[in-house]
Each structure stands twice: as structure tokens, then as C-alpha cells.
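Just so it is clear, none of the values below were taken in a lab; they were calculated from the coordinates. All values reported here derive from a predicted model rather than from experimental measurement. Cβ coordinates were reconstructed from backbone atoms using ideal geometry, including for glycine residues, and neighbour counts include every protein chain displayed.
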Amino acid sequence: MRALAQTAKQLHTAYPHIRYHLFSAKADDVTDRLDKGLLDFGLLIEPANIRKYDSLELPDTDSWGLLMRKDSPLSCKAEITPQDLWTIPLLVSQQALATHELYHWLQKEQEELNIIATYNLIFNASLMVEAGLGYALCLDHLVSTGSDSLLSFRPLAPQLPAHVYLIWKKQQLFSRAAALFLEELKNRQHPAYS
């Protein structure tokens with residue numbers, strides 16, 4: 001989102017009358033609105049099905065890891081391995097459940113794991129983790145784990161990166177503002193496009 005915010009700021013300097021409307025939701029809700037023409041663009045993080053859209057891969061990637069209480073025995077580890085997760089109570093995003101990439105990394109099938117809850121907003125899952133219900137598989141930097149938090153985050157090893165994509169409908173006829181935004185983003189992220 002930071003790359004999009006910086007692009008919007010740069011574009012706003014040249015075109016101060018452009019207005020932005022942000023909609024935050026899980027991937028299925030974003031693509032549904034995109035398909036209905038209610039959004040110009042969607043920002044999706046892997047795992048997400050982007051094949052039916054035109055897309056621009058953003059240079060930022062995020063990493064999967066484990067969100068836990070700081071007093072958890074696993075918080076002493078620098079990295080979390082698949083074996084660490086085989087028996088503990090897990091909270092997993094609904095979007096991640098729909099893909100096989102996570103299970104390939106875990107070396108287990110869904111029914112072999114102790115998945116006690118699914119979530120679509122990590123904030124809600126973080127409250128359950130904070131209460132001691134279990135551990136959340138999630139992306140880094142989405143929940144505060146600073147010194148004033150009860151929570152900590154440890155990356156998975158081997159790493160499980162998540163790429164970020166800006167998507168739009170194929171053969172999309174953009175408004176002038178949306179076309180300017182996409183062109184500015186392409187120029188900022190991939191100067192070869194200019």
C-alpha cells in the first residue's frame with residue numbers, strides 16, 4: 001500500500017483534483033467489485049488468483065510467519081519450521097486455506113493440522129492470539145509487535161514469500177485519472193515502462 005500512497009501523492013501534486021476512494025476487504029470481495037466495475041484497481045497479496053486480470057507485480061514482497069504471544073515457547077526461536085506447526089492450535093486466513101502453497105510448505109494436509117479458527121482480518125485473529133487461543137499464520141507487519149504489545153512475530157523457514165500485485169480487468173477502459181495513476185505507478189516501479 002505504501003507504493004500506491006506514494007504514487008497518489010506524486011500524482012496529486014500534478015493533478016490536485018483527482019480523488020481516491022479506498023476499499024479494504026478480502027481478495028474475493030475486491031475481485032467481485034472489480035468484476036462489477038465498482039473498482040478500477042485491486043491490490044492483492046499472494047496467494048491470490050490473478051490469471052484472469054491484467055496485473056503489475058509490485059517490487060515489495062511480504063513474508064509469512066507465525067504470530068504468537070511473547071510468553072510462548074516458540075517466541076524464543078528466530079524462525080519457525082513446518083514441524084513447529086504440526087500440533088499447535090492454528091488460526092489461518094481463509095484466503096491461505098484455499099491454496100495448496102501453504103500445505104506444500106507445511107508438508108501436511110489441512111485435515112492433519114490443528115486449525116481451530118479461520119479469519120479474514122488479522123486484527124481479529126490477533127485478539128484471539130493475545131487471549132491465548134492459539135497461533136496465527138499471517139503476513140509480517142500487519143500487527144503491532146512492539147515493546148508495548150503482548151505479541152511477537154517469527155518468520156517461517158524456509159521462507160514463504162508473498163508477492164503483491166495491482167490488478168485490473170482485461171481490456172479495461174480507464175478514466176483519465178485511473179490511466180494517469182497506472183502510468184505513474186508503472187513509471188515509479190518499473191522505469192523501463194516509461
Please name which of PRO89, SER149, GLN107 has its Cα lying farthest along the dipole of segment 63-161 towards the positive end, using unit charges on Cβ (Lys, Arg +1; Asp, Glu -1) and the Cα centre as origin.
SER149
Mind listing which trypsin sites (Lys or Arg not before Pro) in segment 106-170 are in a DSSP loop and have 10 or fewer other Cβ atoms within 10 Å?
LYS170
Which value in nm describes the separation of the simple spin-label points at ARG2 and PHE174, placed 7 Å from the Cα toward the beta carbon?
2.3 nm
Calculate how many DSSP beta bridges within the chain are antiparallel, expressed in % of all such bridges and rounded to the nearest 5.
75 percent
State the percent of C-alpha pairs, over all pairs in segment 63-161, separated by a distance greater than 15 angstrom.
56 percent
Per 0.36 nm of contour for each residue apart, how much would the distance between HIS12 and SER144 grow if the chain were fully extended, relative to their Cα-Cα spacing?
44.5 nm
List residues of segment 122-153, by number, whose backbone nitrogen lies under 13 Å from a label position 7 Å along Cα→C-beta of LYS70.
144-153
Where labels lie 7 Å past Cα in the beta-carbon direction, separation of PHE23 and LYS186 in nm
2.4 nm
What label, among (i) 53, 35, 29; (ii) 69, 35, 26; (iii) 65, 45, 27, belongs to Cα extents along the principal axes in Å computed from the structure on display?
(i)
What does a probe at ALA78 reach in segment 147-165, counting residues whose amide N is under 15 Å from the point 7 Å along Cα→Cβ?
154-159
